[in-house]
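Trainee: I have a structure I would like to understand better, so I am pasting it below and will then ask my questions one at a time.
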């Protein structure tokens with residue numbers, strides 16, 4: 001039996017966006033699906049802490065997850081609610097001018113796209129670009 005999808009809660013979304021770590025996670029997921037191991041290495045935070053932040057984003061209805069073997073992959077889920085979608089789009093656009101966000105993306109590119117990458121991530125699945133990105 002499937003549970004019905006809970007209604008979108010704009011206040012919950014704003015609460016989810018009110019944390020710098022969660023914003024950094026969204027930045028790394030923008031336009032791609034990414035394994036949790038990359039978050040741990042790039043943000044230099046423990047896996048349980050990253051998982052709690054990801055659960056907060058999932059509960060807000062703006063992130064989804066899927067398991068592939070031992071790996072958990074996360075991606076942004078754009079709300080069906082037009083106001084919520086507009087807020088999320090604005091937040092994602094704002095990251096383009098933020099130094100920390102751009103530095104995180106540079107580390108991600110190095111980790112997944114250079115021959116040596118990050119040693120701790122050897123064997124981890126590379127981030128997968130999503131078919132449709134947020135403009």
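Trainee: Looking at the stretch 77-91, which of its residues are surrounded by 16 or more Cβ atoms within 10 Å (Cβ to Cβ), out of contact with any strand residue (DSSP E or B) (no Cβ under 8 Å at 6 or more places or on another chain) and within 13 Å of residue 27 (Cα to Cα)?
Mentor: Passing the criteria: only 91.
Trainee: For the stretch 54-74, how many residues are closer than 19 Å to residue 111 by Cβ and at pLDDT 95 or above? Give the steps one after another, and end with the answer.
Mentor: In the first step, residues of the stretch 54-74 are kept if they are closer than 19 Å to residue 111 by Cβ; the result is 54, 68, 70-74.
Still in the list and also at pLDDT 95 or above: 54, 74.
Residues in the stretch 54-74 being closer than 19 Å to residue 111 by Cβ and at pLDDT 95 or above: 2 in total.
Trainee: A follow-up question, please. Out of (1) surrounded by fewer than 18 Cβ atoms within 10 Å (Cβ to Cβ); (2) in contact with a helix residue (DSSP H, G or I) (Cβ under 8 Å, 6 or more places away or on another chain), what's the single condition that is false for residue 48?
Mentor: Looking at each condition in turn, residue 48 falls short on (2).
Trainee: Any residue in the stretch 101-118 that's more than 16 Å from residue 24 (Cβ to Cβ): show its pairings with residues that are modelled with pLDDT of 80 or more at Cβ separation under 7 Å, as long as the two are six or more apart or on different chains.
Mentor: 117/110; 117/111; 118/41; 118/111
The values are calculated or read from the model by the stated rules, or taken from the named source; none is laboratory data. The model shown is predicted, which means the values in this text are computed figures rather than measured ones. So basically every Cβ, Gly included, is an ideal-geometry build from the backbone, and we count neighbours across all protein chains shown.
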